[in-house]
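Each remark here refers to the structure printed beneath this line.
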Amino acid sequence: MKKLFLSLILVLGSFLILNAQERPKLVVGIVIDQMRYDYLYRFYEDYGNDGFKRLLNEGFSYENTMINYIQTYTAVGHASIYTGSVPSIHGIAGNDFIRQKTGEWVNNVRDTNYRAVGTDVFYPQVGKVRMRGDEGKCSPKNLLTTTITDELKLATDFKSKVISIAIKDRGAILPAGRTADAAYWFSDNAGKWLTSTFYMEELPDWLKEHNKKEFPKKVSETPQGNTITFEMAYLAIENEQLGKNNITDFLAVSFSTPDIMGHIYGVDSDEIKNSYIKLDKELGEFLKYLDKEIGKDEYLLFLTSDHGCAHNANFLKNHKINAGIFNDREVLKNLNNYLEKKFKQKNIVLSLNNYQVNFNYPNITKIPHEKLITACIEFLENLPSVLYVVEQKKAAQAAIPQVIKECIINGYNREYSGEIQIILKPAYYHADNDLVNTHGTLFPYDTHIPFILYGKGIKQGSSKAQVYITDIAATLAALLKIQMPNGCIGRPTTDF
């Protein structure tokens, strides 16, 4: 009897261990580029029941998810979602940034050690000259930490499959991390999906066949861009057999078109509204597909965004709301003229990229550093569009609100960030002209994003508590029972 009791205890213990280690068959990460949090409800009455409403009504929504760094751009957002970290640590300090010591411009995923796979890219602006593989010279080399996808690979002894898809290269590469089986992005120039030799030497047969399809011109600028992204998600699940065994796979899908269209049409346009209604319908069809192919309770899905966007400044002014444009080219010219008169040297500031003063160090001689910093701050503080000007290394001591200090500190990367951070007034943004809209600031229209969990292990509900973009990867790690990414500073949410 005693032996039987012990055997039952061992069997029960084994079951509990197995149950504790049970993971979903497939994780689906959806990032909608430039989706403001309020788009969940702004168009709610026009949505069907199977897309966003299904996620809200059956999943768990974190209603106050905020970005906790200053550079609200696409590359930074994707990196932060998947690493649980911030530019100071993960190294992606903008879509483009400047190596401060040399003045070299750095694209977030550009890597000339690799070439395109899947297409020869033609650039109309250089006539018939063939720029072989130029769009495919990419890798995640600038990403300094692991991603949640990397950690899943490590946890399963690299048996998990990880596929990442987006129209934008950065939307595919940064979620994929360094260990993914594939990252695919779309070339509008070639009208084909491609990757780089960082991932493979040849496209799989299923994608070669798919690339024979004739895609519409400028497809990424229309709602059809979302459609072809969904098509790729279906093809990847089917042909790579994602979620078909007892090892968890990961499909990362970023929808780049909402950002591309957002910059063209703006928050308040019918084009954006209609594109989200169509996206909602396609999302609903995708969820039904996952139910059928993977199993309704066998996948875990999260939906979020890399950043939001501002209302058009002219639109706000027409409604008596304070707003305006920061013309960074004009400001740069006037700042350099001011510094030249003061220090007798030309072109002292290289760029105001990322709302930062990036000094042209090779051009600067015999100017005391503190005097240069002080002169720049004095000039910029007098501009009508500017709220604060902060020396990055001294942000903790600045006389500004604590939340802004934290965003500056989290966003400051000493190798790639300028020494002075410019904070514009609310509803102001940089543009060389009357750009319809953009993003890149630390105010809620740029930093308040959706975050919904749905599927295996997730109860229905919502939370009004404030969480951060850096908590997403930490939460996924907890749900998957794996280690957080190695630079993660986020905390797992506890509501699920």
### Message
Tell me the mean residue ellipticity at 222 nm calculated for the chain from its helices only (DSSP H runs of n ≥ 4, each -39500 (n - 2.57), averaged over every residue, nearest 500).
### Response
-10000 deg cm²/dmol
### Message
I'd like the trypsin sites (Lys or Arg not before Pro) in region 383-485 restricted to DSSP loop residues with at most 14 other Cβ atoms within 10 Å, sorted by number.
### Response
R414, K459, K481
### Query
Cα axis of helix 328-343 to longest principal axis of the chain: angle in degrees, 0 to 90, nearest 10?
50 degrees
### Message
Just to confirm the number: angle between the C-alpha axis of helix 2-21 and the first principal axis of the chain, 0 to 90 degrees, nearest 10?
### Response
30 degrees
#### Entry: Quotient of C-alpha Rg and 2.2 N^0.38 Å, computed over region 131-288
1.06
### Task
Holding the Cα-Cα limit at 31 Å, pick out from K101/K333; K317/K342; K141/K346; K281/K425 the pairs that are longer than that.
K317/K342; K141/K346; K281/K425
#### Entry: Nitroxide proxy distance, nm - points 7 Å out along Cα→Cβ at K393 and N363
2.2 nm
#### Entry: Debye-sum result for region 324-430 in log10 I(q)/I(0), which assumes one identical scatterer on each alpha carbon, at q = 0.12, 0.13, 0.22 Å⁻¹
-0.38, -0.45, -1.29
### Task
Within 10 Å of each residue's Cβ, count the other Cβ atoms and sort L387, L301, L424 from fewest upward.
L387, L424, L301
### For the chain, size of Cβ-based charge dipole, Lys and Arg +1, Asp and Glu -1, in debye
1060 debye
### Task
Before anything else, pin down the relative contact order of region 324-430: Cα pairs under 8 Å, at least 6 apart, normalised by residue count, whole percent.
33 percent
### Task
Let me know the charge dipole size of region 324-430 about its Cα centre in debye, to the nearest 20, where only the beta-carbon of Lys, Arg (+1) and Asp, Glu (-1) is charged.
320 debye
### Residues of type aspartates and glutamates that K273 reaches as a straight line, Cα spacing below 16 Å, ignoring anything fewer than 8 places off in the same chain
D33, D38, E45, D46, E221, D259, E282
### Query
What's the longest bit of the chain with no exposed GluC sites (Glu not before Pro), using DSSP loop states and at most 14 other Cβ atoms within 10 Å as the test?
215-414
### Task
State, to one decimal in nm, how far the label point of A465 lies from the label point of K218, with both points 7 Å from Cα in the Cβ direction.
4.7 nm
#### Entry: Cα gyration tensor of the chain - equivalent ellipsoid semi-axes, whole Å, descending
40, 26, 24
### Query
For region 274-283, in order, what is each residue's ³J(HN,Hα) by Karplus, 6.51 cos²θ - 1.76 cosθ + 1.60 with θ = phi - 60°, in whole Hz (x at glycine and Pro)?
5, 5, 6, 5, 5, 4, 4, 5, 5, 4
## Note on the structure
Relative to the chain, whose Cα atoms define the longest principal axis, helix 369-381 and its Cα axis are tilted in degrees, nearest 10, by 90 degrees
## Note on the structure
The rounded separation in angstrom of the Cα centers of region 392-444 and region 256-308 is 29 Å
### Summary
If each K or R counts +1 and each D or E counts -1, the residues other than T146 whose Cβ falls under 12 Å of its Cβ total 0
### Message
As a quick test, which of the pairs K168/K394; K159/K292; K161/K213; K320/K371 have an alpha carbon distance above 28 angstrom in this structure?
### Response
K168/K394; K320/K371
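Coordinate-derived values only; no laboratory data. All values derive from a computational prediction rather than experimental measurement. A quick note on method: Cβ atoms are made from the backbone with ideal geometry, for glycine too, and the neighbour counts reach across all protein chains shown.
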